[in-house]
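Read the figures in this text as sums done on the coordinates, not as results from a lab. Predicted, not measured: the structure shown is a model, and the values here were computed from it. Counting neighbours? That spans all protein chains shown, and the Cβs are built from the backbone with ideal geometry, glycine included.
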């Protein structure tokens, strides 16, 4: 069964009245949700009822909008990563090979010469590498 992305239904954005002519006002929770389901900036713009350029500009000059977008994309990456690791822990060969290439720097030729020979050893090596990466990322945030 193929999983489909759920498109978040949106209401039209509300224009604020102001001396300059009314800047669009967005629900930042909605922006985060749209980003979390993997929508592109163009798709988010369409869902919000604005132009691609408006979304691009807001990512630059509206810190709350940019943070909501960033949180949503981070949630999406977490879900994808968790699902990929779930597959790898079930010894899905494709997931194991992909993660080995991405996180262990393997190439096609390296696979024959690496000391990891079984899917279980490969999954263990990937988990160790990811733990190191997570520890390094936690240190960068401080």
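A few comments on the model shown:
- Efficiency of FRET between residue 82 and residue 108 - r from beta-carbon atoms, R0 35 angstrom, step 0.05: 0.85
- Over the stretch 32-100, the alpha carbon radius of gyration divided by the compact-protein estimate 2.2 N^0.38 Å works out to 1.42.
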